[in-house]
Each structure stands twice: as C-alpha cells, then as structure tokens.
1. Quick check on region 138-145. Is at least one of its residues in contact with a strand residue (DSSP E or B) (Cβ under 6 Å, 6 or more places away or on another chain), in a helix (DSSP H, G or I) and away from ligand 2 (no atom under 13 Å from the Cβ)?
2. Need a quick list: helices (runs of 4 or more DSSP H) entirely within region 1-114 having at least 3 residues that are at pLDDT 95 or above and within 16 Å of ligand 2 (Cβ to nearest atom).
3. Looking for something in a loop (DSSP other than H, G, I, E, B), crowded, with 22+ Cβ neighbours inside 10 Å, modelled with pLDDT of 95 or more and touching a helix residue (DSSP H, G or I) at 6+ places or on another chain (Cβ under 9 Å) - is there at least one such residue anywhere in region 296-312?
4. Got at least one residue in region 330-343 being more than 21 Å from the chain's Cα centre (by Cα) and either surrounded by fewer than 17 Cβ atoms within 10 Å (Cβ to Cβ) or part of a helix (DSSP H, G or I) (or both)?
5. Search region 370-385 for residues that are closer than 18 Å to residue 349 by Cβ and pair each with any residue that is surrounded by fewer than 17 Cβ atoms within 10 Å (Cβ to Cβ) when their beta-carbon atoms are under 6 Å apart and the residues are at least 6 apart or on different chains.
6. Any residue that is surrounded by fewer than 22 Cβ atoms within 10 Å (Cβ to Cβ), out of contact with any helix residue (DSSP H, G or I) (no Cβ under 6 Å at 6 or more places or on another chain) and over 19 Å from residue 37 (Cα atoms) - is there at least one of those in region 113-120?
7. With 185, 193 as the choices, which residue is surrounded by fewer than 19 Cβ atoms within 10 Å (Cβ to Cβ), touching a residue at least 40 places away in the same chain (Cβ under 8 Å) and assigned to a helix (DSSP H, G or I)?
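The values are calculated or read from the model by the stated rules, or taken from the named source; none is laboratory data. Keep in mind the model is a prediction, meaning the values are calculated, not measured. We place every Cβ from the backbone using ideal geometry, glycine too, and count neighbours over all the protein chains shown.
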Ligand code: NDP
Ligand code: MG
C-alpha cells in the first residue's frame, strides 16, 4: 500500500473496453490519488494511442502483435515503453511500482495475467469475472498464498463487498444477487426463436461490451456471477439466490444469521464500483449522478424464469457439479456468443450447444492449471464442431 501522499499506481488490462474507459474517467477525476502505470488493449490501437497520449503511462501493451508498429510509430516520441503480446502483459503486471491491477479484459484471456498479478502480490480490482468462473478455486488459493487482495468491480459483488464492511466474522446466511432480466424478461417465449443480435444487444439499464451484453440477455452473466460470488465470499451454492429486479437500483444484498438484510443501492453506473475498488477502504468524493428516490415509484423483485433463461440453469448446474464444469461452460459460452454475434447461430442454439458441450467434454474433479488450459481447448473444439 502507498503512503497517503503517494499516488496509487494502476494497471488497466483492457483499457479500450467499457470498464477500462470508465476506469480512466475515474482516474481523470482523481488525479491527486491515482496514476496510470500501464494500459493494455487487444485490437483497438487507435484508442490505445489516444489514451496513452492523455495519461502518459510508463508502459502500454497491445496484445495483437501485428499492431505493434502502428503503436510504436504513434508513441515513439513519448517516454513510454511499448510492448506487444500476451507474454508482455503477463510480465508488465508484475512491475514493482504497480499497486492495483484492474482486470477489465474480456473472457478467458484474463486468466493468465491475473495469475501473474496475484503471484506478484498485487491488489486485484477484478472485473474479469470469467477468471473466477474458469478457475475460482485456484485463484482463491493463490490469492491467499501470495497475500493478494481481490476487490470485486462487478456491481453485484461490489454491493455485497460493501454490505460486508464492518461485519467481521458475522456469518452470511444468504447472498441475494439482483439481475435486471435483460431485454427478454417479458418477451413472448415463442418469439425467442427468432430474436436478432440487435435485439439482444439492447440492454435496458447498462451500457457494456458486446459479450457481457449477450450474457446479460441470456442470463449466463448472472450464472457466472453466482460462481463468482461463491469464490469471492466463500459461500455454498445453496446460499446464493438470484432475484430479478428490473430497475437495477438495488445492486445486491446480504442476509445475515439474525435475518437482517443489508443492501447497496445506486444508479446503474460502473464508475462507482470501479472507484470503490481503487479507494477501498476509503470512500472519496465523486461527481457521479445521485439516485433520486422520488423518480422511482416502485422497486420490484421476482424470481427468474429458468425455462426462459436456460443458461442460468446450466451455469447453476455447472456450479454444483464443480471441478472443471464451470470452465467447460465458459469456453462453450465464449464460442456460442461469438457465433451468435456473427449471425452463425440462433439465440436458442446457444444454450443447446453449451449443454451438449457440458456432456461431451472430459470431466476433471480437481483440476490443476494445466487441466483448465486443456479443458478450455477441448470444450472450444467440441462447441465449434456444432456451429
Ligand atoms: P469490452 O469488450 O468493452 O472490452 C474488453 C477489453 O479487453 C478491451 O480493451 C479489449 O481490447 C480487451 N481484450 C479483449 N480480448 C482480449 C485478449 N484476448 N487479450 C487482451 N485483451 C483483450 O468488455 P467490458 O469492458 O464490457 O468487460 C470487461 C470485463 O468486465 C468482462 O469480463 C466483463 O464480464 C466484466 N464486467 C463488465 C461490466 C460492464 O459494465 N461492461 C460490468 C461487470 C463486469 P480491444 O478493444 O483493444 O480489442
Ligand atoms: Mg454484474
């Protein structure tokens, strides 16, 4: 941790994405507290160049090595180290001056750099939930071993984390994860067969990257968040409840042993959980829009429809079967979401392919890191054969 008068050094993995860009907005508003040490992106070299010019980090890395020269040409006259490739990302996160690594890349690609950051004892501001879905047990064990602190950025988990502040060893009875229900909450079931990616990409309350927006429409996102919550908060699957709350104002809740329930509320704006992950345990003044209760005549809650949201049921099954099953579901899901976004398969085909991949991929009860890598590759191949 830093002295109070030293700025926290932050590495943003996935700076060109929705979370990454919002993290830069947070830092721009808190220049006395935070400094960008490293920025990484995959393909969007133009935005990475703009961000590097604006924030002058020590290091920038572009994962796609083909874009290295473009980056180097644009930034060569600035005192910024420029690298390319996943190996470089994994090395950069270990740099001594970094205090916090914000993992805001999408999907399985977050796993390796997160492991490197944990090994280096960094504080992880974790947005990349897929890392915990794929290898939660390994990540939790390593975080303990290397004294790396994981602070959730996902709004639901940030809400739970905030509700737990000051509770010491008080036992959690139940976590209540809220979900908006996405664009298809009340859509006629028969019409789900023909929904387009344009419809699925229209989230009612949140503006996010394409992959998580599709995961929100299918509610795979909430299934992943159950698994994420299991690892972050050390609860059993039967202690996690999902409640559809279309207004997205109550970000999640914790029920304690005495029956008391704490909730965290606010407008749907990821800048708040991002800033809290940076400032924890402090709260710092922000300009974010405030919630005005008089604008909400009702906050409503309902149970999710598992027939409509088949992916939620599949993720729940994967969490219970444990081992490498969540890794299998994640890999299959990445394949089908990409295929749906390329108009290669229908909306409903996504769940069918995931379920078949779950049944066909080799099950490993106690996977090692190498098992996860092999499982990810096998499940992707099996899912791809069905596209
Ligand atoms: P985006 O798709 O908007 O951004 C993803 C970022 O990761 C981009 O910077 C992208 O680079 C980079 N990236 C993608 N693939 C790779 C790769 N193979 N190697 C290295 N970098 C890569 O995603 P979001 O910001 O929406 O989401 C990021 C993570 O945060 C996800 O895990 C998501 O589940 C989680 N999350 C997001 C929320 C949100 O509101 N958006 C809310 C809660 C969690 P480039 O663009 O340059 O190609
Ligand atoms: Mg969330």
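1. Yes: one or more hits.
2. Qualifying helices (runs of 4 or more DSSP H): 18-29.
3. Taking every residue of region 296-312 in turn, at least one turns out to be in a loop (DSSP other than H, G, I, E, B), crowded, with 22+ Cβ neighbours inside 10 Å, modelled with pLDDT of 95 or more and touching a helix residue (DSSP H, G or I) at 6+ places or on another chain (Cβ under 9 Å).
4. Looking through region 330-343, at least one residue is more than 21 Å from the chain's Cα centre (by Cα) and either surrounded by fewer than 17 Cβ atoms within 10 Å (Cβ to Cβ) or part of a helix (DSSP H, G or I) (or both).
5. Matching pairs, first to second residue: 382/360.
6. no
7. 193
For (1) touching a residue at least 24 places away in the same chain (Cβ under 8 Å); (2) exposed (fewer than 11 other Cβ atoms within 10 Å of the Cβ); (3) part of a helix (DSSP H, G or I), each residue gets a yes or a no:
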| position | (1), (2), (3) |
| --- | --- |
| 277 | yes, no, yes |
| 286 | yes, no, no |
| 290 | no, yes, no |
| 294 | no, yes, yes |
